[in-house]
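The values are calculated or read from the model by the stated rules, or taken from the named source; none is laboratory data. Just so it is clear, the structure is predicted and the values come from calculations on it, not from any experiment. Neighbour counts run over all protein chains shown; Cβ positions are idealised from the backbone, glycine included. Accessible surface is based on the protein model in full, side chains and every heavy atom, while ligands, DNA and RNA are left aside. Shrake-Rupley method; radii C 1.70, N 1.55, O 1.52, S 1.80 Å.
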Amino acid sequence: MDITTLVGLIAGFIVLSTLILMGGDFRMFYDIHAVIIIFGGSTAATLIRFPLSAILHGMPLGAKFAFTMSRLSARDLVDELARIAEIARKQGPVGLEKVETDEPFLAKGIRYVADGYDLEFIRDNMERDRDNFLMHLNEGSKIYRAIGDCAPAFGMIGTLLGMVQMFSNMSDPSKLGPFMAVALLATLYGALVANLICLPIADKLHGKLIDEETNRTLIIDGILMIRDSKSPALVREMLLAYLPEKHRDEEGELVPA
């Protein structure tokens with residue numbers, strides 16, 4: 001669980017709820033017309049911008065990765081791959097059949113090596129898998145950003161509609177309040193959807209995409225070196241290049257050459 005995403009959303013809603021309750025109650029800030037214009041309009045615009053397949057893949061994957069973290073950090077992966085290289089050197093590829101890991105992508109690479117697939121097959125298959133995953137995660141980031149971009153615009157559209165309706169009924173004072181509520185709440189909803197939910201999630205997914213690209217490329221290089229029977233020490237030294245300079249000297253289990 002990526003606790004920062006959950007804490008951020010909860011903190012945002014607590015702040016808003018506190019301010020609302022200090023000046024009235026939640027009923028003052030609910031209007032079905034504003035809900036329709038924001039969520040209906042944003043959904044319609046998103047459907048126009050993206051193919052349905054991208055939405056069906058990107059949104060669920062984006063929501064999942066916004067609230068979860070990789071099971072293993074890049075440093076953990078370096079240590080794990082060095083350990084696997086040591087097992088492969090001592091027991092051969094067959095010894096990898098009993099190796100267990102919490103990282104599914106790494107587990108797939110281990111299985112390829114244990115089953116004796118050639119180097120090019122492993123490279124092509126794992127790189128294709130990585131690229132497809134990153135494409136869908138990038139689609140999720142773009143979709144959430146698109147919703148965040150158009151929600152305030154539809155809030156403004158709702159405001160304009162409310163103002164038109166209000167000025168068209170100046171002769172009936174009883175209708176001015178509801179139309180003014182639509183005008184103001186549409187802008188409020190659009191700003192909240194964009195700045196509290198969609199744009200922050202889009203930015204987080206972009207960061208997760210960079211991390212996942214690094215981790216999966218690191219795994220591919222490590223698996224290929226293990227398949228090529230490189231020594232554990234060489235595997236470790238080569239993969240440490242993926243880590244920031246300050247993390248390369250952190251204590252880890254040393255694997256003899």
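General observations
- Remark: Ile157 falls outside the filter, which requires a residue to be assigned to a helix (DSSP H, G or I) and at pLDDT 95 or above.
- Any pair with Cβ under 7 angstrom, 6 or more apart, that starts in the range 156-182 at a residue that is closer than 16 Å to Val35 by Cβ and ends at one that is open to solvent by 70 Å² or more (accessible area, probe 1.4 Å): Phe179/Gln165; Val182/His33; Val182/Leu161
- Within the range 99-147, the only residue that satisfies the criterion of being hydroxyl-bearing (Ser, Thr, Tyr) and open to solvent by 40 Å² or more (accessible area, probe 1.4 Å) is Tyr117.
- Complete set of residues in the range 31-42 that are farther than 12 Å from Gly190 by Cβ and either crowded, with 18+ Cβ neighbours inside 10 Å or touching a residue at least 24 places away in the same chain (Cβ under 8 Å) (or both): Asp31, His33
- Pick from the range 97-116, criterion without any contact (Cβ under 8 Å) to a residue 60 or more places away in the chain and outside any loop (DSSP other than H, G, I, E, B), ranking: farthest from Ser229 (Cα to Cα): Pro104
- In the range 136-154, the count of residues that are more than 21 Å from the chain's Cα centre (by Cα), in contact (Cβ under 8 Å) with a residue 60 or more places away in the chain and farther than 25 Å from Met59 by Cα is zero.
- Total residues in the range 154-191, condition of a type in the set (Phe, Trp, Tyr), exposed (fewer than 15 other Cβ atoms within 10 Å of the Cβ) and touching a helix residue (DSSP H, G or I) at 6+ places or on another chain (Cβ under 7 Å): 0
- Apart from one condition, Met170 fits all of (1) modelled with pLDDT of 90 or more; (2) farther than 21 Å from Pro51 by Cα; the exception is (1).
- Evaluated against (1) over 18 Å from Ser141 (Cβ atoms); (2) at pLDDT 90 or above; (3) assigned by the TED database to the domain that holds Arg130, Arg71 falls short on exactly one condition, (2).
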